[in-house]
Amino acid sequence: MSGISKKLEGLFSAASFAEAGEFETARDMLGGDRKVLLVLTGRETDVKSLKYAFSIAARTQAGLEVLAATDGGTAEVLRLCEEEAHRQGVTLKVTRKNGCIKEAVIKYAKDRRDLICVVIESTKALNTDCSSEQKRLTGVWEKLGCPLALVSEKTS
């Protein structure tokens, strides 16, 4: 079983225990100070990603880290994020990056064993501000070492 598969299995198992009210068991399963990385690109659907990331963080009692595009319209979503973190008592760290989101996520998450998953709106959002060469990067998601959760709007 690959490392990502094991992490996914552990994350889902811990989430199941947390949903059943067994918060200590869930925390023990995840082991240590865990974080969920939320990526904000300035799209309207960032709010949906924010809700999803908080749900995972709350169920696993993990902290939340936010990687926000500096040139996107992320100010309002960051304000909502700070309010929700305060309301839920979730630790929050915000980092702003410019340039290619895909490269920023890979660099940010590289060698981070405390990240349980990365949450972003869509694969299209990952290519925000990327050159055509950067968009063609393949096989890089295996380098994350944690699951990539895509929170896309359902289209009919």
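Computed quantities for the displayed model
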quantity: Candidate set from the stretch 67-80 (those that are closer than 21 Å to T128 by Cα and out of contact with any Ser or Thr (no Cβ under 8 Å at 6 or more places or on another chain)); member that is surrounded by the most Cβ atoms within 10 Å (Cβ to Cβ); calculated: V77
quantity: Residue satisfying all of: in the stretch 61-74; among the hydrophobic types (A, V, I, L, M, F, W, C) and modelled with pLDDT of 85 or more; nearest to T41 (Cα to Cα) among these; calculated: A68
quantity: Members of the stretch 36-66 that are crowded, with 22+ Cβ neighbours inside 10 Å, outside any strand (DSSP E or B) and acidic (D, E); calculated: D46
quantity: Meets criteria (hydroxyl-bearing (S, T, Y) and at pLDDT below 90) for S5; calculated: yes
quantity: Residue in the stretch 95-139 that is surrounded by the most Cβ atoms within 10 Å (Cβ to Cβ), counting only those that are in a loop (DSSP other than H, G, I, E, B) and of a type in the set (A, V, I, L, M, F, W, C); calculated: C100
quantity: Any hit, the stretch 81-94, residues being of a type in the set (A, V, I, L, M, F, W, C) and assigned to a helix (DSSP H, G or I); calculated: yes
quantity: Subset tally (residues that are at pLDDT 85 or above, of a type in the set (G, A, S) and either over 22 Å from K102 (Cα atoms) or over 12 Å from the mean Cα position of the chain (by Cα) (or both)) for the stretch 28-56; calculated: 1
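The values are calculated or read from the model by the stated rules, or taken from the named source; none is laboratory data. Only a predicted model underlies this, so the values are computations on that prediction, with no experimental measurement involved. Quick reminder, even Gly has a Cβ in these numbers, built from the backbone with ideal geometry, and neighbours come from all protein chains shown.
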